[in-house]
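Got a structure here, written out as structure tokens. Questions coming.
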Amino acid sequence: MIAYLWRRYGRQIILAIILLIEMAILGRMAPEFLDRQNLLDMSTNLAETGIIAIGMTFIIMTGGIDLSVGSLLALCGIVFGYLVKPFGLPLAMAGAAAAGLAAGLLNGGLVALARLPSLVVTLGTMALFRGIAMVVSQGKPVSQFPKEFAELGRGEWAGYPVQLVIWVGLVIVGMIICDRSRAGRYVIAVGDNPTAARYAALPERTVTLSLYVATSLLTALAALIFTSRVSTAKADAGIGLELEVITAVVLGGTAITGGRGTVVGSFLGVLILGFLRNGLGFAGISTVYQTILAGVILIVVSIINQRMLERESRSGRKKAKATASEPQPAG
Amino acid sequence: MDDSAKKSSPAAVSTPVLSVRGLSKFYPGVVALDSVDLDLHPGRAHALVGENGAGKSTLIKMLAGAIRPDAGTIAINGTAERFSSPVAARRAGIAVVHQHSHLIPDLTLAENYALREGYPRNAVGAVAWSHLQSAAAEAVHVMIPGMDVGRRASTLSGVEKQMVEISFALAANPSVLVLDEPTAILPHAESDRLFRMVRSFLARDGAVLFVSHRLDEVFMLCDTVTVLRDGCRVWVKPIGETDNDDLIRAMVGRGVSFERDSTLVPGTEELLKVSRYTDAGGAFQDVNFSLHAGEILGVYGLVGAGQAELCAALLGLRSATGNVELTKKASNGDAAAGSVELSGCAAGARVRRGLALVPAERLERGMFRQMSVGENMSIASLGQKSVLGLVRTGVEQRDNLESISELRVKTTGPHKLALQLSGGNQQKVLLARWLQTHPQVLVLEEPSQGVDVGAKMEIHRLVREQARRGVGVLLVSSEMPELLALSHRVAIMRQGKLVEVLPGDGATEEQVLKSALPPQENIPAEDAGRLDGPAQTDQPSGAEASGSSKIKHPPKRSRMARWFARRELGLGILLVLIIGISAAVVPNFATVSNFRDVLQNQSILLLGALGAGAVIIAGGIDISVGAILGLAALAAARVDQEGHGAGLIWLAPLAVGAGLGALNGLLTVFGRVHSIVITLGMMFILQGVMLQTMGGKWILSLSDTMTNIGRGAIGPIPNLIIFGAIATVLTAVVLGYTVVGRKWYALGGDAASARLLGVSPRLLLPLAFAFSGLMVGLAGLLHAGFYGQVQTNTGRGYELKAIAAAVIGGVHIMGGRGTALGILLGALLLGFINNLLVFLHISAFWDNAVTGAVILLAVCADALNSRRERTAH
């Protein structure tokens, strides 16, 4: 039972401990870091990355990847920006969501239905979405949004920033789907052993398609939050965002090769990386070292993860051999 | 176990060239081979016969060096050997022709030959390609006269591949030739050819180990025969002292048999009716049978007879024509209301309607390694156990505990990792999975594969119980005792057809085996080897039966068609088209200066694309090349600023590039982490290092040396274009003509087969990354020289453009495919499209969108092409 709990929640527990240690260290280096307002601000700014990371976790669990999320963020923002003046706030938001939906169907359709490799498909859509955003906006930023819109990015709910509440809420939903839902099991199965998933008659095409659609919708939401926060929609928003998201997900313990994953782990991964940036900044350590540290952490953690995975399967096989050589009781 | 009389051969017993003593192999819960002895003598052909699962494949794999024995010795010419790998076995003089070919699909036959026999070198040390061609042709023409060894292995038919494998084995001049079911898919003429070659091999004092189900061939070709059964050797006799019936008796005769249960009587209600069922891939034809409630219908067939494909087709995983009618599930005990035709249904729908398949090969097709026992059990029936998409874990737990106790799965609980269970218990978990779907028709494919006796009996008990409850069971099994003990009727498949149905009660193993074996051809020994044998009556050879005695050439696609389908030609045409349109539409387009500008602008990208292509071909990916470019440019600029000469200015960026590339490759290989993660982390690290080294300041003034490198020209041709051309040619040479380059294709195309041939990523992958780094290092130098400055964000976004150009150029992201020419055309295409957009005053903002669209089109074209190639064979 303990082995089971460790297997299920071990990594998240380690990550949480790492986060706390990190906060302690950074707090020693720069006490302002631990200021409640700072922590809140910091977390709030991470909401966009975090929300997208939820969807990306599932995609990576199936052994796929989505490189187009950064470009899609910009595109949804631009779509919103151009719709809001003539059509008003609700319709503009719906428009952004529709753009996300279309993007998700494109990605998902090509990957799940046409069975094309996700790396290349999303590489293409990454360029495509960015291009559409640039063409539509002609490179010019859009601003001057209605006042109510600022609520999304800068408002508060029960004393907490709106987007933080949304993010945490979505993390909880994602966690439930990942750990408790049927779809979550199917996702793990597809990433673990696609052949066995076929023989188990699982609806893998539907599931994979929905994942890309869901991630794109989450990206649309993140786009709205981001646009509201900075009060501007730009075509070059989100450059490099996809790599940040992927780094957080891998750091969080989801293997890039697919299989079991953890939404909570990705959540902690986003926080660990984000706090690192912010904290080091407070301590006067330049952004340069933050970037380097992020890279080092990613590589080291991945290698450790791999070794742990190998040790697990090796002990599994040894145990299987051991039970085989035990005398079998009469049937 | 061994009840033979040794040394009964009247001929002088020469020293055995291969001697196996006490060879054993154990798997969890199962004994694959138990203390087997075998002697092979020069000039003698030794047959190895036995049923499926008798241990023949295991023995062969050990001789081939693919798996290690758990006990026993293998001795060649008296010296005991330990084969650490297939390469070692080959070097020791054992050549094995397996049932399935291991040719690397994207390499030519000549290159596949080189992977086994080594690359011939000329006096200078470079690969002597023409020598290789002729050596490979000489080898292959022994079996297939006139075969073009320049063809890619993927374009060959299954028969041709097998013939090529045989020819490769013979070409190795082995002392021992092992043939594993060589004639299973060979039509008559090809089999004849094989036997003639084997005879001349024997005449040269070679030793042959011949594994076959075709007993007539055994009698025709071999001098001695060993019978294996349940992993043990039954006896070994000279061929003259045995006959067909004696062999069959030895193959199946057993002391232990399972008992029949005569109280189990099938019902009359027809649950499943299969008519005129024919596989789209040709594995089975015109199968007809019906399954009744409470009936256990056994299906027996030798490997390749089509029963595995039949199971997959019933589940809906293979397309087949014909009818499969399943009775509708009766709810609440009412009489079933008619039947439903399953042909149009997907797998999920069939399961919902009550069909279940427990597949063979549970590790590859059944078990989810990262899931627990409970999760593995419930995965197929979650639909019934969820509400609003959420799994009702209480219900799931209850069902799983019930399954565990009912099936007596030995586990500490449903939370245990499924992979940690023994084979027999894993099989029970798989069975439990499907029982939880409450099927009407249960198809079991090799349910006792790799399962110990105790678990076997339990599984039998469970099968009987299902039948008692009214479930119709289709039991596909190679284990005769179990088949005969359980089945009410036994259907026998042979070469794709369901040839006979015997009543289960009273059927003997000899009867079943006789029916399953290919029919006897009574060729007198003297006639054997003649190209035209006696007239054949109905002798199809498996799925690739051909009426004629000619080798089947690949249908439909002639050589010209293959050339046309090549990516490079398509790209070339597209490029000409774009240039043509531009020339027609834009007045200033067709000028030398414009062309020169386009080529110059693309040169830097081209270098990165060539490098990216090499890495992707080898099976990796490097998304840090942008950062490497920046650092290389920085290195060159720094060296320049410090006043060093041209030599160091050249050396620094190239060294930085190659070194960082190699580092990426080494981390990937030794960390055993996917290169995308390693290079992602590296990208962050290198970006940081660059920022730190520059201290936030751009480098704005570079010496004339640098500017000359970047902006100079030789005659009318700018340096950049010259470098681009040199790099393309260099990459083409490396990819097309060097051993390392060709091995990259093997590594990326089929890593598993490559490893069997001794191609390992340890050195090859870092070399590919280093090559890419070198290209990018040069690009960095040129970038700094051309733009005259190095910014803090130099190189950002470069990696993705480089990968895009490579992908458009035909490099398959999964590895193993691509050419330097294609990459060049891809980069040029992007350049000229961009150029056209600029001329049309279509804003630069379209650049990204168009690039993206081109990438997507390229990937779709790739997929269509591969699909067409696959179905053509």
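Could you run the Debye sum over the Cα atoms of the stretch A:1-46, one equal point scatterer each and no solvent, and tell me log10 of I(q)/I(0) at q = 0.22, 0.25 Å⁻¹, two decimals?
Values, matching the q order: -0.78, -0.87.
Using +1 at the C-beta of Lys and Arg and -1 at the C-beta of Asp and Glu, which of B:Leu264, B:Val227, B:Gly366 has the Cα lying farthest in the positive direction of the dipole of chain B?
Value computed over the given set: B:Gly366.
Debye sum, Cα scatterers, the protein assembly as shown, no solvent: what log₁₀ I/I(0) at q = 0.04, 0.09 1/Å?
-0.26, -1.24
Can you give the angle from 0 to 90° between the axis of helix B:761-787 and the longest principal axis of chain B, with both taken from C-alpha atoms, to the nearest 10?
20 degrees
Using alpha carbons only, how many degrees (0 to 90, rounded to 10) separate the axis of helix B:453-468 from the longest principal axis of chain B?
For B:453-468 against chain B, the angle is about 80 degrees.
Here's something else I'd like to know. Need one number: % antiparallel among DSSP beta bridges in chain B, to the nearest 5.
Counting only bridges with both partners in chain B, antiparallel ones make up about 60 percent.
Peptide B:451-462: average number of partner chain Cβ atoms within 10 Å per residue?
Numbers: counts 0, 3, 3, 5, 2, 1, 2, 1, 1, 1, 1, 0.
Mean shielding by partner chains, rounded to a whole number: 2.
Okay, next question. Trypsin sites (Lys or Arg not before Pro), restricted to the stretch B:23-110: which are DSSP loop and have at most 14 other Cβ atoms within 10 Å?
When the trypsin sites (Lys or Arg not before Pro) of the stretch B:23-110 are filtered for loop state and at most 14 Cβ neighbours within 10 Å, B:Arg82 remain.
When N counts the residues of the stretch B:719-778, how does its alpha-carbon radius of gyration compare numerically with 2.2 N^0.38 Å, as a ratio?
Numbers: Rg = 13.2 Å, N = 60, 2.2 N^0.38 = 10.4 Å.
Compactness ratio reported: 1.27.
Taking 25 Å as R0, compute the FRET efficiency from the Cβ-Cβ separation of B:Ala583 and B:Ala713 and round it to 0.05. Mind showing how you got there, number by number?
Values: r = 24 Å, r/R0 = 0.98.
After rounding, the FRET efficiency stands at 0.55.
What is the helix-to-structure angle for A:47-61, meaning the angle in degrees between its Cα long axis and the longest Cα principal axis of chain A, kept from 0 to 90 and rounded to the nearest 10?
40 degrees
For chain B, what is the calculated [θ] at 222 nm in deg cm²/dmol (nearest 500), taking -39500 (n - 2.57) for each run of four or more DSSP H residues and dividing by its residue count?
Computed mean residue ellipticity for chain B: -15000 deg cm²/dmol.
Right, something else. Percent of alpha carbon pairs in chain A separated by more than 37 Å?
Counting pairs separated by more than 37 Å, the tail of P(r) holds 20 percent.
For the charge dipole of the stretch B:82-234, defined by +1 on Lys and Arg C-beta atoms and -1 on Asp and Glu C-beta atoms about the Cα centroid, which residue among B:Ala110, B:Ala207, B:Pro86 has the Cα displaced farthest towards the positive pole?
It is B:Pro86, whose Cα lies furthest towards the positive end.
Once you place label points 7 Å from the Cα toward the Cβ at A:Asp35 and B:Asp70, how far apart are they in nm?
Taking the two extended label points, one gets 6.8 nm.
Give me the Kirkwood hydrodynamic radius of chain B in Å, from all C-alpha pairs, to one decimal place?
Taking the inverse mean of 1/r over all distinct Cα pairs, chain B comes out at 31.2 Å.
Let me ask something additional. Given Cβ point charges of +1 (Lys, Arg) and -1 (Asp, Glu) and nothing else, what value in debye, to the nearest 20, does the dipole of the stretch A:131-246 about its Cα centre take?
Roughly 200 debye for the stretch A:131-246.
Could you work out, residue by residue across B:853-865, how many beta carbons of other chains sit within 10 Å of that residue's beta carbon, and then give the average as an integer?
4
Could I ask something else about it? How well do other chains shield peptide B:361-369, expressed as the mean number of their Cβ atoms within 10 Å of each residue Cβ?
The mean count of partner-chain Cβ atoms within 10 Å per residue comes to 5.
Kindly provide the pair-distance distribution of the stretch B:231-380 built from C-alpha pairs, with 10 Å bins from 0 and whole-percent values in order of increasing distance.
The distribution over the stretch B:231-380 is 8, 27, 29, 24, 10, 3, 0, given as percents.
With charges set only on the Cβ (+1 for Lys and Arg, -1 for Asp and Glu), what does the dipole of the stretch A:1-71 come to about its Cα centre, in debye to the nearest 20?
440 debye
Go through A:Ser137, A:Gly124, A:Trp157 and say which Cα lies farthest out towards the positive end of the charge dipole of the stretch A:124-198; charges sit on Cβ, +1 for Lys and Arg, -1 for Asp and Glu.
After comparing all options, I get A:Gly124.
No value in this document is a laboratory result; all are computed from the given coordinates. Everything quoted here is computed from the prediction, not taken from an experiment. Please note: Cβ atoms are built from the backbone with ideal geometry, for glycine as well, and neighbour counts cover all protein chains shown.
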